[in-house]
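Each remark here refers to the structure printed beneath this line.
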Amino acid sequence: MAKIRHNNVIDTVVEVFSVAKGEGTLHLYAEDEQLDGRHLTINGNKALHFGTCGYMGLDQHHDLKKGAIEAIEQFGVQFPMSKSYVSNPLYSKLEKLLINMYDSPIAISKNCTLSHLAVIPTIIKPSDLIILDHQVHTSVQEVSKKMLSQGVKVEMIRHSNMDMLENMIKKHRNNFDKIWYMADGVYSMYGDFAPIKEMIQLAEKYEQLYLYVDDAHGMSWAGKNGAGYVMSQMDKLYNKMILTTTMGKGFGCAGGITVFPNKEWSDKVKLFGGPLTFSVQMEPPILGAAIASAQIHLSDQIKSYQDSLQEKILYCNDLMKKSDLPIVAVNNSPLFFIGAGTMVMANDLIKRLLKNGIYMNLAPYPAVPAKNIGVRISISMHNTMDDIKTMVAKLKIAFDESLRETGQTRENIIKAFKLKNLKIDEPQIIEEQLIIDCNTSITDIDKELWNNYLGLHGMFDWDGLVVLEKSFSNNNEKENNWAFKYYTIKDNEGNIILMTFFVVALYKEDMFSRVSISKAMEEIRLKDPYYFTSKAIIMGTLRTEGSHMYVNRENSTWKQALKVLFKELYKVQESEKASNIILRDFDAYDDEINEFMLEQSFVKVDMPVSCVTENISWNNEEEFTNGLSKKNRRNFKLEIKKFEHFFDVEIKEQLSDEDLLHTQDLFEEVKNKNLGLNTFHTPYKALQEMNDSDSYEFIVLYIKKEYTSYKKPVGVGLCHKNTTGVYTPSTVGLNYDYVYEFGVYRQMLYQVAKRAQVLGYSKINWGLSATIEKKKVGAALFPKVAFVQAMDNYAQEMMEATTFIEKD
């Protein structure tokens, strides 16, 4: 099985956040000696505060401060006991007030995340199904992942897609007692609303459907008694809904609230709901402030606050519309999102605004898809009408300045966010003149030129690409028809700065995922062959490996050349309706490229390790083994040389039709057992084209007749002969009935090494898997990464958050 360096999402996020922290846009510290809610001082800049989630301004309300102070004086700063033993006296008072607010049973925790940890494992059973909305809050997703260990199945649907939800309900309703759809009431980035009424209609239609909704960002500014956006959509809590919310945003203090449709569930959670049992309880000052806030919510004051906030929201909406800024979602929530499209644009905009006295939130990956990075603006009662007017005016100026500075365009942003009715009125951007040549066939490019810059790296020399173009065109299967794209970028003096090539092709979205994920996917694909497949623009091809891009980084315009390339790729992405752009085979330790790609909103993904033998200089077996490590010399003697006498080895320039069909069967055997790099099967036409090409040959292994009656090959290596001295075993086929007894695969590797030496080649590209075995024949390992820019995170998050996350 292939040993794959699977991408760790946490490592990727740490890199993204580290760049932002270095730019001064994330993980900042306020420097104020006293806060008023209206201003923040950051890096010496006093700024109007448009980044708070305290929408109602209650965090600075006199009554809440007084309640906290009095609670400290009466009960101290802490009540260090589990609620299972004794609760602070203030708990009872707060619970009664919250029950009055919601007219339903409730449970209180220290925060909303702990509410999810207390409720979901307590209420949901192994006989239930969880369906996650793609954009439901991370805290809900993380708890749902933990439910997998209890045998609960987890699925995911695209954001607020009720048709997809209904189809999933139909598919599963006879297999589960309850189906829980989990969503946010108000989504934290774009401020868009869950379709609560449609969700209830579905729950009425299907008795198995229950709803679990996190309304943290809807709390206080909407609904009767400030009970939240979700409650504003119904007269009373729906009898098949559990509602969680927070006291840590609009409510003005801290703590989580869960509202239940029945006392049985609330009692069960309160009696033994995980952190409610084993964690310390809310601190007295927080309880005191929460009681004061609940009393405001149950008074006429809350309605006047809500009305006042709505005036500010409507005013901001009106100014935003007139500004032609790319607002992603227009509604009456206090959250606004301005699209930037790239990390470098968003970072520049945040910094520029901060210097001009405006603070708002960076919205990076993974909170939003990598291509949909932007800035989040929140409106609160702390902001005056003049503050809002000032903010929009400065945002408009800073936005245009950031476009010019970073080379981003309104057109790119509008397309990335699929916005409508916005003017594409670009500020003038002064660029150094670069020339890009685009071709759709290698035959349109000079052979010597191509081989000098890119052809020397592997099986994608000029001749090799001619074969690949013939192989992957005019096939019956859509996955085996590739559109080739070749790009050369020059400066105004004609010097080549960049050269690369791509294919537009269908690929499996679990290509770089863990084996367990691909196994589960392939089970589904037995009935639905194109399940979780999509069209992508892929650097190189799905059959090649190596450095698919030449970049002259000594030229001062190399980064600009990459931006010119990306602009062309975005055009192709739009015309081909491709979901992903995948740039691959980069050095994992190239920090300069890594940071640049992150700034352009490409997410780094670990690839399988590349195996290469360079500078072949040995002339016989003794010299070959002397070049191995002590451990691998021993492995060679016991695992390879010991078995060599079992084999007849033949080098064939071409196979008969019968042997070629048998070879395809052997290739299929290996493909079906190796899901570490999950791709489509190679079409027979490709084998025929390679069989007819002088660029390819076959290493064929037979077991000698004295050891078996089996006469067909037990191993076949299809090898590419690069015109610049690189030998590539592109595909290996094995008969697994003989692999372990005779060491067929290890013998194939050794015969490849011997053949490369006989041909006088200096380098072997071994490919991207089986690293342990390839090290035994002298291969060196080179960690590689890809950079992916997807239209959304759905496929990645679905595979990481659902049942497919079982361990390998």
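Descriptive notes on the structure:
- Tabulated pairs, segment 776-802, first more than 10 Å from H134 (Cα to Cα) and at pLDDT below 60, second of a type in the set (A, V, I, L, M, F, W, C) and assigned to a loop (DSSP other than H, G, I, E, B), C-beta under 6 angstrom, 6+ apart or interchain: none
- Annotation for segment 294-317: at least one member residue is aliphatic (A, V, I, L, M) and either farther than 25 Å from M56 by Cα or outside any helix (DSSP H, G or I) (or both).
- Pairs where the first residue, in segment 523-552, is without any contact (Cβ under 8 Å) to a residue 60 or more places away in the chain and the second is among the basic types (K, R) and exposed (fewer than 15 other Cβ atoms within 10 Å of the Cβ), C-beta under 9 Å, 6+ apart: Y530/K478; K535/K577
- Of all residues in segment 726-750, those satisfying the criterion of being touching a strand residue (DSSP E or B) at 6+ places or on another chain (Cβ under 6 Å) and farther than 15 Å from K641 by Cα are V726, Y727, T728, P729, S730, T731, V732, G733, L734.
- Candidate set from segment 265-319 (those that are β-branched (V, I, T) and under 18 Å from S220 (Cβ atoms)); member that is most open to solvent (accessible area, probe 1.4 Å): I286
- For segment 255-264, filtering for residues that are open to solvent by 20 Å² or more (accessible area, probe 1.4 Å) and in contact with a Cys (Cβ under 6 Å, 6 or more places away or on another chain) leaves 0.
- Among the residues of segment 550-584, those that are acidic (D, E) and either open to solvent by less than 10 Å² (accessible area, probe 1.4 Å) or closer than 20 Å to C438 by Cα (or both) comprise E568, E574, E576.
- The numbered conditions (1) open to solvent by 40 Å² or more (accessible area, probe 1.4 Å); (2) free of Cβ contacts under 8 Å to residues at least 12 places away in the same chain; (3) under 16 Å from A770 (Cβ atoms); (4) not β-branched (V, I, T) are all true for K671 except (1).
- A count restricted to segment 587-625 and to residues that are free of Cβ contacts under 8 Å to residues at least 60 places away in the same chain, farther than 30 Å from K637 by Cα and open to solvent by less than 80 Å² (accessible area, probe 1.4 Å) stands at 3.
- Number of positions in segment 64-101 that are over 19 Å from S279 (Cα atoms), of a type outside the set (A, V, I, L, M, F, W, C) and touching a strand residue (DSSP E or B) at 6+ places or on another chain (Cβ under 6 Å): 0
- A count restricted to segment 137-161 and to residues that are modelled with pLDDT of 90 or more and buried (at least 17 other Cβ atoms within 10 Å of the Cβ) stands at 15.
- Selection status of L395, over 26 Å from the mean Cα position of the chain (by Cα), at pLDDT 95 or above and open to solvent by 20 Å² or more (accessible area, probe 1.4 Å): no
- Per-region count, segment 715-725, residues among the β-branched types (V, I, T) and either free of Cβ contacts under 8 Å to residues at least 40 places away in the same chain or within 19 Å of T544 (Cβ to Cβ) (or both): 2
- The sole residue among G22, G44, G37 that is open to solvent by 30 Å² or more (accessible area, probe 1.4 Å), of a type in the set (G, A, S), at pLDDT 90 or above and over 31 Å from the mean Cα position of the chain (by Cα) is G44.
- Qualifying residue in segment 466-487 (condition: open to solvent by less than 30 Å² (accessible area, probe 1.4 Å), over 17 Å from Y550 (Cβ atoms), within 22 Å of the chain's Cα centre (by Cα) and of a type in the set (A, V, I, L, M, F, W, C)): no
- Search result, residues across segment 622-651 that are of a type in the set (D, E) and more than 9 Å from K776 (Cβ to Cβ): E622, E623, E644, D648, E650
- Within segment 86-118, the residues that satisfy the criterion of being open to solvent by less than 10 Å² (accessible area, probe 1.4 Å), closer than 19 Å to L271 by Cα and assigned to a helix (DSSP H, G or I) are Y91, L94, L98, S115, H116, A118.
- Of everything in segment 517-549 that is of a type in the set (S, T, Y) and surrounded by fewer than 16 Cβ atoms within 10 Å (Cβ to Cβ), the residue that is modelled with the highest pLDDT is Y530.
- Taking the criterion of being surrounded by fewer than 22 Cβ atoms within 10 Å (Cβ to Cβ) and basic (K, R), the only residue of segment 398-410 that qualifies is R404.
- Complete set of residues in segment 73-85 that are open to solvent by 70 Å² or more (accessible area, probe 1.4 Å) and either farther than 18 Å from G288 by Cβ or in a helix (DSSP H, G or I) (or both): E73, Q74, Y85
- For segment 693-710, a residue qualifies if it is exposed (fewer than 13 other Cβ atoms within 10 Å of the Cβ) and either touching a residue at least 12 places away in the same chain (Cβ under 8 Å) or in contact with a Phe, Trp or Tyr (Cβ under 7 Å, 6 or more places away or on another chain) (or both), and the qualifying residues are D694, K704.
- Matching option when the condition is among the aromatic types (F, W, Y) and over 19 Å from F50 (Cα atoms), among Y315, Y365: Y365
- Hey, H645 modelled with pLDDT of 95 or more, within 24 Å of D694 (Cα to Cα) and part of a helix (DSSP H, G or I) or not: no
- Unique residue being part of a helix (DSSP H, G or I), touching a strand residue (DSSP E or B) at 6+ places or on another chain (Cβ under 9 Å), at negative phi and aliphatic (A, V, I, L, M) when the list is L666, L655: L666
- Some residue of segment 556-564 being of a type in the set (S, T, Y) and either at pLDDT below 90 or within 20 Å of N481 (Cβ to Cβ) (or both): no
- Counting only strands (runs of 3 or more DSSP E) that fall entirely inside segment 491-583 and contain at least 3 residues that are in contact with an Asp or Glu (Cβ under 8 Å, 6 or more places away or on another chain), the qualifying elements are 496-508, 533-539.
- Checklist (1) surrounded by fewer than 16 Cβ atoms within 10 Å (Cβ to Cβ); (2) in contact (Cβ under 8 Å) with a residue 60 or more places away in the chain applied to V368, failing item: (1)
- Number of residues in segment 645-654 that are closer than 21 Å to T708 by Cβ and aliphatic (A, V, I, L, M) equals 1.
- Exclusive hit being open to solvent by 70 Å² or more (accessible area, probe 1.4 Å), of a type in the set (A, V, I, L, M, F, W, C) and either part of a helix (DSSP H, G or I) or modelled with pLDDT under 95 (or both), set L677, L638: L638
The values are calculated or read from the model by the stated rules, or taken from the named source; none is laboratory data. Everything quoted here is computed from the prediction, not taken from an experiment. Virtual Cβ from ideal backbone geometry, glycine too; neighbours counted across all protein chains shown. What goes into the accessible areas is simple: the full protein's heavy atoms, side chains included, and nothing from ligands, DNA or RNA. Shrake-Rupley method; radii C 1.70, N 1.55, O 1.52, S 1.80 Å.
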